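The values are calculated or read from the model by the stated rules, or taken from the named source; none is laboratory data. Predicted, not measured: the structure shown is a model, and the values here were computed from it. Because the Cβ atoms are built from the backbone with ideal geometry, glycine has one as well, and the counts that use them run over all protein chains shown.
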Amino acid sequence: MPNTSVAEKFRSMDYGAAPEDPLESLAWLDRFKRRFGHFIGGKWSVPSQGRYFETHDPSTGDKIADVAQGSAADVNAAVRAARAALPRWQGLTAHARARLLYALARQVQKHSRRLAVLETLDNGKPIRESRDIDIPLVARHFYYHAGWATLLASEFPGHQACGVVGQIIPWNFPLLMVAWKIAPALAAGNTVVLKPAEFTPVTALAFAELCNEVGLPPGVVNIVTGDGSTGEALVAHPDVDKIAFTGSTEVGRAIRRATADSHKKLSLELGGKSPFVVFEDADLDSAVEGLVDGIWLNQGQVCCAGSRLLMQESIAVALTKKLQARMAALRVGAPLDKTSDIGAIVARVQLERIESLVAQGVAEGASCWQPDVPLPSRGLYYRPTLFTNVHPTSVVAQTEIFGPVLAAMTFRTPAEAVELANNTAYGLAASVWSESVNIALQVAAQIKAGVVWVNSTNMFDAACGFGGYRESGFGREGGREGLREYLQPGWLRTRPPLRRRAAGGRRGAQAVEATKLIDRTVKLYIGGKQVRPDSGYSLECRSRSGVLLGETPLGNRKDIRNAVEAARRAQQWGSSSTHNRAQVLYYVAENLAQRGKEIAARLAVVVGRKQALEELRLSVGRLFAYAAWADKYEGVVHSPPFRNISVAMNEALGTVGVICPAEAPLLGFLSLVLPLVAAGNCVVAVPSALYPLVAGDLYQVFETSDVPGGVINMVTGRPAELLNVLAEHDDVDALWCHGEEDLCAAAKRLSAGNLKQVWTNEGRRINYFNVREGEGRWYLEHAFQVKNIWVPYGE
Amino acid sequence: MTRDTQQRLGVGERMEELPLTVQSSRRAVVAQLQGRALAANAGTALNLDWVDSVRVNTSAVERRAATLIARRTVKKDWQIAWLLRAITCMDLTTLSGDDTEERVRRLCAKAAHPVSDAVKATLGIQELPIQVAAVCVYHLFVETARRALQGTQVRVAAVSTGFPAGLNALADRIAEIRRSVEAGADEIDVVITRAHVFAAQWQRLYEEVAAFKEACGTAHCKVILGTGDLATLRNVARASLVAMMAGADFIKTSTGKETVNATLPVGLVMTRAIREYCERTGMAVGCKPAGGIRTARQSLDWLALMKEELGQSWLEPHLFRIGASSMLGDIERQLEFHGSGRYSASYHHPLA
């Protein structure tokens, strides 16, 4: 019988349907009767309030399963299970933990297709992506971290796990985010309570089953499903030691505020509006494919999606034409079809958001272009979209759309490309395309982003840190830098809390009679100049016995503003050579030593002679230490399984506000300021509240030591007030606060505005006189942010 | 090369002085690219600026080649249709030192009946005219092949110009082309002097290919770049452009004798060069991967590459060929499986 079907296809040469058969995966769902409880303490448990919610296949709207709605009680049960499991988990040998992580990797591989199909069903992403990208990366993450579990003690001496970790993940890479969160946490010896996204809980639950299959001790991994309220309960739980969150910047801010009053360590991986920069000497065809991988991966629902195309003017027309031709060949269709390039948008609310932002873009006058590709008749689909005639002021150029929408702009010079690339509140990722190693690396270094892909995009690997600058969050996932987020110095939580000092002195000390000295006017130190405070007021500074030692300016919000501006102007310090920075610090040491006696004598009146001499001795030593570190705290070259060089560069944070510890006015100041300055940051420091007069001694030393103006600024005054201004200042990139607990809490809470990184002493008494606690890598780790630059090579 | 030819090709003149697009709008449309009608390639002047501006990022090309074939697949009846199409785009090839006339006749018989009637019957495709595009042989067997293929649509292609090294004297190589054309070859597969690429002597390469093209006359000129020898993708792209400017009807990857033959990244670079050339000149050039293509799956990958990067026109034998000898057997086995539901053995299928 003639088969007209074949003949017709022979002529049309269409692709036809190529559906992945979901039967095995559906049978797995049926095994659970399509109803899932929480996974707590190794067992499936019914939600305490008996409530379930539905999760759907966005390509059809069909219900996949009922999933437990987690209450505060459920979260509490999970946290208790995680806490109870901690001793047993940490009691295992490193090798035993490594074996379990290895077993998880194997188990993921053994069930890789089930996991891929479930992911595609629940999320709507094309099966090609879940099969070829998500699930292989999940397995890789567990393999890689099995290695860290083995090497932990030797590679992170003196560190310990945070404890119980609460993790909240988004819906765009559901299982991959499970792996990114759980693998490092377990490798470092933590136990976890993880809340998957409401839209996509299924693969996390499938993963829970794998945990039992490999014999992971009960309670080491707990999965509580639910909506935002479940996440809130987890964030608020008092017995959680760390929160790791991936999601929107808005929720990240809320979590920052919610955890401010606790000692919870926090890492946030948030939104982005990542630039995709194409220079005229790029391989344009490959750049176009880069955009396909950049903005049309996972329907553009990717935090690091290259959503802002920056094209050099000379190639803009050619590139746009190529891009449109390529877009016309994209296949939008059933996620389970192996030939779909673009699947379904995760949920109606997300589709509506995309539609509304695109409508705004059109209303603003940007040109919107979509290829005439067919869409399935039902399900949540959106065509790949290109906006041209876009300006930095456009909504579509500023707002994270989280959809398959690309906004294209042009630039004239590399400098302008960098300026446009950095013209965003975000700083997650960037892609730079040029065949010139000079341009590519120069621009990669200048873009403010945690990940920069040269001639590539959306490359991920467990060995490389991922995470953002600015309002894209802080902390890294992957690599050595990612593991640090789940570790802390072993001694830290043994230190007692700082108590608020009573005003005035405790012990009798020899007072210097003010009248015997020439009147000394200590000023603020801003931009390399001694300046009077804006307020025109001064504060008294008294000795321990209550003798008036002098007066310090009462700095206010305007002084902080001026100091931050001075620091911004001095950013050149960050790109000065490390050798140069070391030289300056050595010179400071020299001059401090020279004037040490008189400085110590004045300090002695406040802290006693013994401490003053000790502070002086250690301060000179600390200066030498950070001069040494300045050119030795080096980045690493990661080894992901690709032919490329991926460099984890340590970059300065920028401008850092510093609230210095009160108790060691000289040494405490230098303990915080020196690592920052050695790292290339500019600081606005609020000196010890106990003895702010130390500023007067310090700036004289700095002035005579070639410290460039604006690198170290000092504003005296009421620390709590000045802290508020620093924390709320959007042009301050990070804030270090060593003080009492309420001061630390305020620092964290108020910094949520621009999500600046905050590092505190957790309100604990840190012994700056002990080198282990007061100096070295722990400080430097917080003085830098890690930028991973991927440079594939090969001709 | 005659003065006429030199003038037509604008050898030695600077490109800016010549319009890029062929003026001959009367020429027949041979292809469509993104809705634009394309004529057969008549060549252009050598444009060195264009050659110099070539950028190829190897890692990115490799990623695209790897993901392209993971993004596209064909199943069931579509797969049957695509495999049949692959057969019709095949240059069934024998290029061995032990070739004989009888061997060539056997190959020609297979070329005319690549799929057995029994298999066609089980697939219900008796009415489809399935023949390979061409047989590809040494000059010595052109006459034999031409006779054996009389009454079929199968064309005769001869490898020429001192194949595979291509290092004979230019006059000898051109004479060789002429002899094959006279012997009745419809297509001539010529090889370039790779040294011209290594030395970036684009003018010499251009003149060489232009001379080959002229010698071919109405026979199709398929230019073998020797991509395995050229080593870098940038070289492949530049050589592709120069060959097209010089008038190549097809650009072809390999002789099949290099250690590395037709790889997908090379194919991707060549298809992109073809696309660029088509867009800028309005003329179409065919693509022929050859060497190392042995499986049905590979044939589907190459078809998908053509469809994605160039479009439907490049799924036709006048613009796409696969040079292969053993691939047909694998395709036959797949086709039999589709018809019977049973996995096939190679001895079920007549030898080529």
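Has segment A:336-347 got any residue that is in a helix (DSSP H, G or I), modelled with pLDDT of 95 or more and among the charged types (D, E, K, R)? No, segment A:336-347 contains no residue that is in a helix (DSSP H, G or I), modelled with pLDDT of 95 or more and among the charged types (D, E, K, R).
Taken together, A:Ala17, A:Ala65 contain a single residue that is among the aliphatic types (A, V, I, L, M), closer than 21 Å to A:Gly231 by Cα and touching a Ser or Thr at 6+ places or on another chain (Cβ under 9 Å), which is A:Ala65. How many of the residues in segment B:67-120 are free of Cβ contacts under 8 Å to residues at least 12 places away in the same chain, within 12 Å of another protein chain (Cβ to nearest Cβ) and not charged (D, E, K, R)? So the answer is 4.
Scanning segment B:297-344 for residues that are within 13 Å of chain A (Cβ to nearest Cβ) and out of contact with any helix residue (DSSP H, G or I) (no Cβ under 7 Å at 6 or more places or on another chain) gives B:Gly311, B:Gln312, B:Ser313, B:Glu316. The numbered conditions (1) more than 17 Å from the chain's Cα centre (by Cα); (2) under 30 Å from A:Arg114 (Cβ atoms); (3) surrounded by fewer than 24 Cβ atoms within 10 Å (Cβ to Cβ) are all true for A:Ser248 except (1). The selection criterion, being basic (Lys, Arg), part of a helix (DSSP H, G or I) and within 14 Å of A:Val732 (Cβ to Cβ), does not hold for A:Arg581. Taken as a whole, the condition of being away from every other protein chain (no Cβ under 14 Å), touching a residue at least 24 places away in the same chain (Cβ under 8 Å), buried (at least 21 other Cβ atoms within 10 Å of the Cβ) and not β-branched (Val, Ile, Thr) applies to A:Ala68. Checked against the criterion of being surrounded by 19 or more Cβ atoms within 10 Å (Cβ to Cβ) and touching a Gly at 6+ places or on another chain (Cβ under 9 Å), the candidates B:Leu84, B:Leu123 yield just one match: B:Leu123. On the given criteria, is B:Gly97 in contact with a Pro (Cβ under 7 Å, 6 or more places away or on another chain) and not charged (D, E, K, R)? No; evaluated as a whole, the condition is false for this residue. Does A:Asp57 qualify as being under 20 Å from A:Ser229 (Cα atoms), out of contact with any Phe, Trp or Tyr (no Cβ under 9 Å at 6 or more places or on another chain), away from every other protein chain (no Cβ under 14 Å) and touching a residue at least 40 places away in the same chain (Cβ under 8 Å)? Criteria not met by A:Asp57.
Tell me, please, whether a residue that is buried (at least 24 other Cβ atoms within 10 Å of the Cβ) and in contact (Cβ under 8 Å) with a residue 40 or more places away in the chain can be found in segment A:630-640.
yes
How about segment B:122-161: which of its residues are more than 14 Å from every other protein chain (Cβ to nearest Cβ), assigned to a loop (DSSP other than H, G, I, E, B) and either more than 22 Å from B:Asp98 (Cα to Cα) or modelled with pLDDT under 95 (or both)? Within segment B:122-161, B:Val132, B:Ala133, B:Gln150, B:Gly151, B:Thr152, B:Gln153, B:Val154 meet the criteria.
Of all residues in segment B:50-62 being more than 7 Å from every other protein chain (Cβ to nearest Cβ) and without any contact (Cβ under 8 Å) to a residue 24 or more places away in the chain, which is surrounded by the most Cβ atoms within 10 Å (Cβ to Cβ)?
By that ranking, first place goes to B:Ser53.
When you look at B:Val11, is it away from every other protein chain (no Cβ under 14 Å), surrounded by fewer than 20 Cβ atoms within 10 Å (Cβ to Cβ), at pLDDT 95 or above and in contact with a Leu (Cβ under 8 Å, 6 or more places away or on another chain), yes or no? No, not satisfied.
Once segment A:659-711 is narrowed to residues that are under 26 Å from A:Ser543 (Cβ atoms), under 29 Å from the mean Cα position of the chain (by Cα) and of a type in the set (Val, Ile, Thr), the residue that is surrounded by the fewest Cβ atoms within 10 Å (Cβ to Cβ) is A:Val673. Taking the numbered list (1) within 24 Å of A:Arg484 (Cα to Cα); (2) under 27 Å from the mean Cα position of the chain (by Cα); (3) part of a helix (DSSP H, G or I) in turn, A:Pro157 passes all entries but (3). Scanning segment A:766-777 for residues that are surrounded by 21 or more Cβ atoms within 10 Å (Cβ to Cβ) and either within 14 Å of chain B (Cβ to nearest Cβ) or assigned to a helix (DSSP H, G or I) (or both) returns a single hit, A:Gly774.
None of A:Pro217, A:Pro238 is out of contact with any strand residue (DSSP E or B) (no Cβ under 8 Å at 6 or more places or on another chain), surrounded by fewer than 24 Cβ atoms within 10 Å (Cβ to Cβ) and in contact (Cβ under 8 Å) with a residue 60 or more places away in the chain except A:Pro217. What are the residues in segment A:1-25 that are more than 8 Å from chain B (Cβ to nearest Cβ) and assigned to a loop (DSSP other than H, G, I, E, B), if any? Selection gives A:Glu20, A:Asp21, A:Pro22. Number of residues in segment A:131-177 that are without any contact (Cβ under 8 Å) to a residue 24 or more places away in the chain and buried (at least 24 other Cβ atoms within 10 Å of the Cβ): the value is 0.
Taking segment A:414-462 as the range and being surrounded by 22 or more Cβ atoms within 10 Å (Cβ to Cβ), among the small types (Gly, Ala, Ser) and within 16 Å of the chain's Cα centre (by Cα) as the test, the residues that pass are A:Gly427, A:Ala429, A:Ala430, A:Ala449, A:Gly450, A:Ala462. When A:Ser286, A:Ser314 are checked against the criterion of being within 12 Å of another protein chain (Cβ to nearest Cβ), touching a residue at least 24 places away in the same chain (Cβ under 8 Å) and closer than 11 Å to A:Trp433 by Cα, a single residue qualifies: A:Ser286. Taking the conditions exactly as written (in contact (Cβ under 8 Å) with a residue 40 or more places away in the chain, within 14 Å of chain B (Cβ to nearest Cβ), buried (at least 23 other Cβ atoms within 10 Å of the Cβ) and not charged (D, E, K, R)), does A:Trp790 satisfy them or not? It is true that A:Trp790 is in contact (Cβ under 8 Å) with a residue 40 or more places away in the chain, within 14 Å of chain B (Cβ to nearest Cβ), buried (at least 23 other Cβ atoms within 10 Å of the Cβ) and not charged (D, E, K, R). The single condition from (1) touching a His at 6+ places or on another chain (Cβ under 9 Å); (2) within 14 Å of chain B (Cβ to nearest Cβ) that A:Ala347 fails is (2). Listed by first and then second residue, the pairs linking a residue in segment A:681-697 that is in contact (Cβ under 8 Å) with a residue 24 or more places away in the chain and on the phi < 0 side of the Ramachandran plot to a residue that is in a helix (DSSP H, G or I) and among the aromatic types (Phe, Trp, Tyr), with Cβ atoms under 7 Å apart and 6 or more places separating them unless they lie on different chains, are A:Cys682/A:Trp573; A:Ala685/A:Phe669; A:Pro687/A:Phe669; A:Ser688/A:Phe669; A:Val694/A:Phe669. Taken over segment A:308-335, the residue count meeting the criterion of being in a helix (DSSP H, G or I), touching a Lys or Arg at 6+ places or on another chain (Cβ under 9 Å) and buried (at least 22 other Cβ atoms within 10 Å of the Cβ) is 1.
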